[in-house]
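Working notes for the structure below.
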Amino acid sequence: MKKTKLLFLGLGSLATALVATSAISSSCNNTNPKPDEDTLEKYKTFVEKTETEFLRTYVRVEKDTKPELIVNGQKGVLKEKFDAFKNALEEAKAVNDKAKIADAKAKLEQALVILNEGAIEGKDTKYLEQFKLEAEEVEKYGGIENYILKKIISDVIIVDDLDVLDPDKINVHQNATTRKFLDKHIKAYEAGFNAKTEVEAIECYEIISALSSVTDLYITKGSSKYMTPFEYNKPIDDKDADLKDIKATLAWFKDHSFEKAVHRGKASAEPNWSLSNLYTFLNINSYYTSSSFGTTITIVSQVNDDDKGTRTFKIKVEKNGKSQEKEIVYGGFLSKEWETKNKALAEKHKSLKLEYTTTHTDKQASEKYSDYLDEDQLLVEIPELKTFMETNKLDFKIESGTYSDADKKIEIDIFFNENNWDAYFKVKITVTGFK
């Protein structure tokens, strides 16, 4: 299904987080306070935490403001109450006499009670909802790390246990970043997925936005032609210059696999791949290999295994009469096990209704065709499909469709899948009744 794209906010609320950090830090500075100092310090910490929560939770609103216009996790209060609490807070912050602490604390607590009287609880949850959509995308990529590396940071090498990377230890055609930087992204997304209120979700988006804005500073571009691609600090070397170029060429060819969502079909059903096909599916550029090293590359053989869902290639690289070979396995084709799962899922849902009547009896099929090919709109046009998917925990993807004004119908080929294409089946839905 189509997903709403996420929008990042600015960094406004990060100041709030810094206030909270400051409050915690200030309570830890004096390791051996006197009794009076300890009491005053605890009071100051209480006031600072109260201020932090006030700034984070309460917003000024007009009398007729609707809850849907206030973010979930925040409370809307009228200007008079908002300003009254701010004044009480300023008075509490001014207290430095131990004898006045108990009275000041009680006044501030009472002011908070008054502030909450009639407060409007926020109901806006658009960022929470967007995180839910993002979580669905993450599942399709097989986890947060894969998702970030493919959509956020874009296929960089991840280097563990280092803070500073050396470009001379990275292949010239690749970039790298540190595990620490990636982990910051992962932590922010995990916090967002676990957010309970809209305020928490917004704060997570702000952190993600801040990280995105400095990504270029944490990406190191490689500079070495003879570093193993996809690795850090793994030089390619040989006393023979030609063999060194041959090895450097072969290093780009490694095992790979289609994502399950590609639902490729059996390997034996595909024609043999050319070298350009292989480059495309491996996502590498011919310039990185033969053009860069003056080598000649040949696919010697390609062998299909429909039981395992793989195609094995033997690659030969030559230069000046010298050569080496390497085998790589490309997976993700339809395997015997996957096919068995697919048949079981299709059998389980064989009672799915395949014919529907349109409500647009005043329209020709050609006029409504585009609506039925839009995945979100299709569920509006045929709500029974949405119920079917929600009941059976399935997702779907439209493959193609056709229409006929003469026959007054639209036909749509749809793949239903469960557990991110762990199993799937294809059906043809027919919609009739057009003008």
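The values are calculated or read from the model by the stated rules, or taken from the named source; none is laboratory data. On a predicted model such as this, the values are computed, not experimentally measured, just so you know. Note that each Cβ is placed from the backbone with ideal geometry, even for glycine, and that neighbours are counted across all protein chains shown.
Is one or more of the residues making up the stretch 260-270 touching a helix residue (DSSP H, G or I) at 6+ places or on another chain (Cβ under 6 Å), in a loop (DSSP other than H, G, I, E, B) and touching a residue at least 40 places away in the same chain (Cβ under 8 Å)?
No, the stretch 260-270 contains no residue that is touching a helix residue (DSSP H, G or I) at 6+ places or on another chain (Cβ under 6 Å), in a loop (DSSP other than H, G, I, E, B) and touching a residue at least 40 places away in the same chain (Cβ under 8 Å).
State which residue is farthest from Trp421 (Cα to Cα) when the search covers only the stretch 143-161 and only residues that are assigned to a loop (DSSP other than H, G, I, E, B), of a type outside the set (Asp, Glu) and free of Cβ contacts under 8 Å to residues at least 24 places away in the same chain. So that I can check it myself, show each step before the final result.
Let us first name the residues in the stretch 143-161 that are assigned to a loop (DSSP other than H, G, I, E, B), namely 143, 153-156, 160-161.
Within this subset, residues satisfying the condition of being of a type outside the set (Asp, Glu) are 143, 153-154, 156.
The next check asks that each one be free of Cβ contacts under 8 Å to residues at least 24 places away in the same chain; those that pass are 143, 154.
Details: Gly143: 15, Ser154: 23 Å.
Restricting to residues being assigned to a loop (DSSP other than H, G, I, E, B), of a type outside the set (Asp, Glu) and free of Cβ contacts under 8 Å to residues at least 24 places away in the same chain, the top hit is Ser154.
Going residue by residue through the stretch 331-341, is there one that turns out to be in a loop (DSSP other than H, G, I, E, B) and among the hydroxyl-bearing types (Ser, Thr, Tyr)?
So the first thing to find is which residues in the stretch 331-341 are in a loop (DSSP other than H, G, I, E, B), and the list is 332-335.
This time we only want the ones that are among the hydroxyl-bearing types (Ser, Thr, Tyr), so: 335.
Checked against the condition, which is being in a loop (DSSP other than H, G, I, E, B) and among the hydroxyl-bearing types (Ser, Thr, Tyr), the stretch 331-341 yields at least one hit.
Output the number of the condition that Trp252 fails; it satisfies all remaining conditions of (1) buried (at least 17 other Cβ atoms within 10 Å of the Cβ); (2) in a helix (DSSP H, G or I).
Here Trp252 meets the rest and fails (2).
Just to verify a result, which residue in the stretch 70-112, among those that are closer than 23 Å to Glu200 by Cα and β-branched (Val, Ile, Thr), is surrounded by the fewest Cβ atoms within 10 Å (Cβ to Cβ)?
Ile70
Would you check which residues across the stretch 66-97 are in a loop (DSSP other than H, G, I, E, B) and at negative phi and list them?
Answer for the stretch 66-97, where residues must be in a loop (DSSP other than H, G, I, E, B) and at negative phi: Lys66, Ile70, Asn72, Gln74, Leu78, Ala94, Val95, Asn96, Asp97.
Going through the stretch 395-421 one residue at a time, which ones are modelled with pLDDT of 95 or more and not in a strand (DSSP E or B)?
Passing the criteria: Asp405, Ala406, Asp407, Lys408.
Of all residues in the stretch 358-381, how many are more than 19 Å from Phe425 (Cα to Cα) and touching a strand residue (DSSP E or B) at 6+ places or on another chain (Cβ under 6 Å)?
Result for the stretch 358-381: 5.
For the stretch 162-183, name all the residues that are within 24 Å of Ile207 (Cβ to Cβ), out of contact with any helix residue (DSSP H, G or I) (no Cβ under 6 Å at 6 or more places or on another chain) and not polar (S, T, N, Q).
Leu162, Asp163, Val164, Leu165, Ala176, Arg179, Lys180, Leu182, Asp183
Looking at the stretch 342-390 only, could you name the residues that are aliphatic (A, V, I, L, M), surrounded by 13 or more Cβ atoms within 10 Å (Cβ to Cβ) and outside any loop (DSSP other than H, G, I, E, B)?
Looking only at the stretch 342-390, we keep the residues that are aliphatic (A, V, I, L, M), and these are 344-346, 352, 354, 365, 373, 378-380, 382, 385, 389.
Subsequent filtering for residues that are surrounded by 13 or more Cβ atoms within 10 Å (Cβ to Cβ) retains 345-346, 352, 365, 373, 378-379, 382, 385, 389.
Once the filter is applied, which keeps residues that are aliphatic (A, V, I, L, M), surrounded by 13 or more Cβ atoms within 10 Å (Cβ to Cβ) and outside any loop (DSSP other than H, G, I, E, B), the stretch 342-390 yields Leu345, Ala346, Ala365, Leu378, Leu379, Leu385, Met389.
Going by the conditions given, is Thr312 touching a strand residue (DSSP E or B) at 6+ places or on another chain (Cβ under 8 Å), crowded, with 16+ Cβ neighbours inside 10 Å and hydroxyl-bearing (Ser, Thr, Tyr)? Outline the logic, then answer.
Working: touching a strand residue (DSSP E or B) at 6+ places or on another chain (Cβ under 8 Å): yes; crowded, with 16+ Cβ neighbours inside 10 Å: yes; hydroxyl-bearing (Ser, Thr, Tyr): yes.
Yes; evaluated as a whole, the condition is true for this residue.
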